[in-house]
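Trainee: What follows is a structure written as structure tokens; I'll ask about it next.
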Amino acid sequence: MGTRILTVEDDERIRTSVKLALEDEGWEVSEATNGEDAIASFARQPSDVVLIDIMLPGIDGFDVCRAIRRLSDVPIIMVTARADTHDVVAGLEAGADDYLTKPFVPKELSARIRAMLRRARSAD
């Protein structure tokens, strides 16, 4: 079974480009456009990695991160335009394992995902 990645992003252009880049790496990508859908999707079918934007309609990315963290120790990367130190700290304290600011190079995101998967698999 392949690696499943859940990407939580309300901007369709960004969501589509991230999905295409990750599928080019051979990963299976599921998408959510808001926090509520992300939590429900993860509860139905847990992913191997979760990418979360902070600025989402409804439940924000910090709360999505906390909710998923209560369900699982899955690697979580905050992928957001908010680069303020306060936001980075808040994201990591909410349970994220990494924080990547937009705009980003898709190859960097892929490398971070591979690194997290290596760590997660070596801990098993």
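Yes/no per residue for (1) touching a Pro at 6+ places or on another chain (Cβ under 9 Å); (2) at positive phi:
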| residue | (1), (2) |
| --- | --- |
| Ala40 | no, no |
| Val49 | yes, no |
| Leu71 | yes, no |
| His86 | no, no |
| Gly91 | no, no |
| Gly95 | no, yes |
| Leu117 | yes, no |
| Arg121 | no, no |
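Trainee: A follow-up question, please. Which of the residues spanning region 1-10 are in contact (Cβ under 8 Å) with a residue 12 or more places away in the chain and of a type in the set (A, V, I, L, M, F, W, C)?
Mentor: Once the filter is applied, which keeps residues that are in contact (Cβ under 8 Å) with a residue 12 or more places away in the chain and of a type in the set (A, V, I, L, M, F, W, C), region 1-10 yields Ile5, Leu6, Val8.
Trainee: Do the conditions hold for Pro57, that is, is it touching a Lys or Arg at 6+ places or on another chain (Cβ under 9 Å) and of a type outside the set (Ser, Thr, Tyr)?
Mentor: No, not satisfied.
Trainee: Restricting the search to region 82-108, which residues are open to solvent by less than 70 Å² (accessible area, probe 1.4 Å), among the hydrophobic types (A, V, I, L, M, F, W, C) and over 14 Å from Val8 (Cβ atoms)?
Mentor: Ala83, Val88, Val89, Ala90, Phe104
Trainee: Touching a strand residue (DSSP E or B) at 6+ places or on another chain (Cβ under 7 Å) and closer than 14 Å to Ile113 by Cβ: is that true of Ile76 in this structure?
Mentor: In short, yes.
Trainee: Exactly one of these conditions fails for Ile54: (1) β-branched (Val, Ile, Thr); (2) over 23 Å from Thr3 (Cβ atoms); (3) open to solvent by 10 Å² or more (accessible area, probe 1.4 Å). Give me its number.
Mentor: Going through the list (1) β-branched (Val, Ile, Thr); (2) over 23 Å from Thr3 (Cβ atoms); (3) open to solvent by 10 Å² or more (accessible area, probe 1.4 Å), Ile54 breaks only (3).
Trainee: Does region 115-124 hold any residues that are without any contact (Cβ under 8 Å) to a residue 24 or more places away in the chain and open to solvent by 90 Å² or more (accessible area, probe 1.4 Å), and which are they?
Mentor: Passing the criteria: Arg118, Arg121, Ser122, Asp124.
Trainee: Go through the residues of region 37-44 one by one and say whether even a single one is aromatic (Phe, Trp, Tyr), in a loop (DSSP other than H, G, I, E, B) and either surrounded by 18 or more Cβ atoms within 10 Å (Cβ to Cβ) or free of Cβ contacts under 8 Å to residues at least 24 places away in the same chain (or both).
Mentor: No, region 37-44 has no match at all.
Trainee: Give me the pairs: first residue in region 11-31 and closer than 20 Å to Ala81 by Cβ, second residue assigned to a strand (DSSP E or B), beta-carbon distance under 6 Å, and six or more apart or on different chains, which are they?
Mentor: Arg15/Glu31; Val18/Thr7; Lys19/Val29; Leu22/Ile5; Leu22/Val29; Glu31/Thr7
The values are calculated or read from the model by the stated rules, or taken from the named source; none is laboratory data. A quick note: this is a predicted structure, and the numbers were derived from the prediction, not measured. Note that each Cβ is placed from the backbone with ideal geometry, even for glycine, and that neighbours are counted across all protein chains shown. Please note that ligands, DNA and RNA were not included when accessible areas were found on the heavy atoms of the full protein model with its side chains. Shrake-Rupley method; radii C 1.70, N 1.55, O 1.52, S 1.80 Å.
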